[in-house]
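Input: a single structure, listed below in structure tokens.
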Amino acid sequence: MTTVTRTFEAQVAAEGEWLSVTQVCRASQIDFAVVIELAELGLVSPRGSEPEQWQVSTRELVRLRTAARLMRDLGVNVTGAALAVELLEARRELEGRLRLLERCMQLSADNIDGSQR
């Protein structure tokens, strides 16, 4: 009987680090051609003159992983995945702004209540 064991390696990359396109493809389980398409759509902004020499920031790796999951798990095409990632990020940003606004309003309400006593 043969037993298959998979080993997963995890590395926490510091913000501002860059990964080779090969590392990005492996880490996000995405084809090189798809990374090129996503870069053309503006989802990521790799540095380097030739696609084979590209480097992608670790911050953008999250975007690629999300796009890869959308394509793999939900069957979304490349363009749809890029749009969905951008919309998900916009939603997260708006939710954060809403929470901040709610805290400010609560602080204002608390200050008004405290000054009326």
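What is the spin-label model distance, in nm, from E50 to I36 if the labels are put 7 Å beyond Cα along the C-beta direction?
Output for this residue pair reads 1.3 nm.
So for the chain, averaging the separation of alpha carbon pairs under 8 Å that are six or more residues apart and normalising by length, what relative contact order in percent results?
22
Apply the Kirkwood formula to the chain: the hydrodynamic radius equals the inverse of the mean of 1/r over all pairs of different alpha-carbon atoms; give it in Å with one decimal.
For the chain, the Kirkwood estimate is 17.0 Å.
What span do the alpha-carbon atoms of the stretch 21-68 cover on each of the three principal axes, reported in whole Å from largest to smallest?
25, 20, 19
Read the figures in this text as sums done on the coordinates, not as results from a lab. Since the model is a prediction, treat every value here as computed from it, not as a measurement. When we count neighbours, we look across all protein chains shown, and the Cβ atoms used for this are built from the backbone with ideal geometry, even at glycine.
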